[in-house]
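Written below as C-alpha cells is the structure these notes are about.
Derivation of every value follows stated rules applied to the coordinates shown; laboratory data play no part. Predicted, not measured: the structure shown is a model, and the values here were computed from it. Don't worry about glycine lacking a Cβ; one is built from the backbone with ideal geometry, like all the others, and counts go over all protein chains shown.
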Amino acid sequence: MADDVTLLSANELLSLYRMKKLSPVEVTQATLDRIASLDQRLNGFCLVDSDAALAAAKASEARWHKGQPTGLLDGVPSAIKDLILTKGWPTLRGSLTISRDQSWDEDAPCVARLREHGAVFLGKTTTPEFGWKGVTDSPLTGITRNPWNPDVTPGGSSGGSASAIATGMGALAIGTDGGGSIRIPSGFTGVYGIKPSFGRVPAAPLSPFGTVAHVGPMTRTVTDAALMLTVIAEPDDRDWHALPYEARDYRIGLEQGVKGLRMAFSPDLGYVSVDREVAEIVADAAQVFSELGADVEEVNPGFPNPWDCFTKHWFAGAANLVHPFTPEQRAKLDPGLQEVVAQGESIALADYMQAVNERGALGQYMKRFHQDYDLLLTPTLPIPAFTAGQEVPDAMKEQRWPTWTPFTFPFNLTQQPAASVPCGRTKAGLPVGLQIVGPNHNDALVLRASRAFESTRSIELPDLSVL
C-alpha cells in the first residue's frame, strides 16, 4: 500500500483512517516524497511546507486514534492555488510585484473551511500572474508542465493544481476559474474539475476580474469533488455575492444516474473549429449518456460567439487589477498581461456597458435553453495540449488565450456550473475532456452526470516513471 497511497482518493483515505489501517502521517510523508521526486520537473508547487504538513498530519493521526476526527477531511493532503489567501504563507499570485514582507494572517473562505475540516495543507500551487491566462507560467515561478508530456502545457490558470492532482502530489486542490481556469487544466491533464455556480463557494477578496471568477475543487474522482464542495460551500459572510447556504452533502444522490435526463450535445457550439481527433473522442463520450438512459440530442445552443463580450470583461478586469500599480510595478508584469491591461484601459465606458448588457442577454438565453435541456455537453477544449511556455498554440493564427478556449468562457459569463470530466486520450497520449454544463445553481446535477459518466471508465493516470 505504501507505494500507492498517494493515488488513493480522499474518500478511500478517510475510510482507511477510520479503520486504522492507514495513518495521515504515512500518507502525508509519501505525498511529500512524491513532490520531492517529481515537482522539480513539473513545477506544480511554488511553496511546499513539509514541517507544517507533517505537524498537521500528526495532530490528525492523534484525533483518529481517539476516534475523534475533525470534520469531513481530517488528514487529507490538500493544495491551495497561489491566488488564494492562506494564513502563515505568502500569496504572491505568480507576480514579482507583490512583497513577501507583509503579514499573512488570513485564510480565504475556502481555505478556512478546509482547515476547519482537518485537511493537511501541503503548500501553494503555481499560477500565471494573477491568473490572467489559460496556461501556467509566470515571471515569478517559470513554466509549469503537463505530467502526460512535460513538453506541453497543463493549461491554466490552475495548472499547478492540475499537475499536482494528476500525479498524486495531493488528493485535493483548490482551483479558480474566471474563463476556464479549472476546466482547461482538468481537460489537458485528465483530472476532474468543477466550476460551481457563481457564489456557491464564498470568495474573499473577490477576484479583480470580478463576477466571472469562481472557486472550486480539482480532484481525481467525482466523489472527492462532491465531498470537497460540501466543505468549501459552507457559508462565510465576507462574500456578499455568496448564494444562500444549502446545508447539503453533495455526495448524496451522486449515484442516481442519468436515465430520463434530456441532454443537448453540441460538438462545436455552432461556430468553433475542433481538432478532428478531439471531436471524435468527445462524440463517443456523449454517446455513453444515451447508453446510460439519457435522451441525448445533437443541437447547438444557438448563441453567437461571445468572445468580444468576454474579453471586454476580462481585459477591463486586468486594467482594474493594475490601476493602483506604480510604473515600476507595471514594468515587472508579464509582457502579455501588460498588453491586455493596455487593451482594457482603452475600452470606452459605453462599450463596456454594452458588454454587460450582452452578458445579461446570454444568461437569460441559457436559462431558457435549460427549460428544454437538463444539461449541455460539449468538448472542454477544441485542441489537445500544446507547447509549454506559450500563451497560444500558434501566434500567427491566435490572438489571445480565449481564442482557443471557446467552450469554457461563455459559462463564466452566465455563471452556470460546469465541469470537465476525462473522456479519452489522443493517439499522442494526451487527455481529452468532456464538458458538462448545468442550469444555474444545479451543481448537484452536474456532479451526478459526471459520476454517471465516470462510472463507465477506469481512471487513467500518467506514467510517473518517465518524469
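A compact table of results
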{"item": "Label point 7 Å beyond Cα of ARG238 along Cβ direction - residues of segment 75-110 with amide nitrogen under 12 Å", "result": "84-88, 104-110"}
{"item": "Counting DSSP beta bridges with both ends in the chain, the antiparallel % (nearest 5)", "result": "70"}
{"item": "Cβ-Cβ FRET estimate between ILE459 and SER290, R0 fixed at 22 Å, reported to 0.05", "result": "0.45"}
{"item": "Length added when fully stretched, VAL466-ALA395, from 0.36 nm per residue minus Cα-Cα", "result": "22.6 nm"}
{"item": "Hypothetical label at THR326: residues of segment 94-129 whose amide nitrogen lies under 20 Å (7 Å Cα-Cβ projection)", "result": "94-103"}
{"item": "Segments 234-240, 436-442 sorted - mean Cβ within 10 Å per residue, highest first", "result": "436-442, 234-240"}
{"item": "Two-site label geometry, ASP33 and ARG248: point separation in nm, points 7 Å out along Cα→Cβ", "result": "4.1"}
{"item": "FRET E, pair LYS58, LEU96, Förster distance 30 Å, beta-carbon r, rounded to 0.05", "result": "0.25"}
{"item": "Exposure proxy ranking, count of Cβ atoms within 10 Å, fewest first, for VAL278, VAL120", "result": "VAL278, VAL120"}
{"item": "Centroid-to-centroid separation of segment 215-264 and segment 87-134 [C-alpha atoms, Å]", "result": "22"}
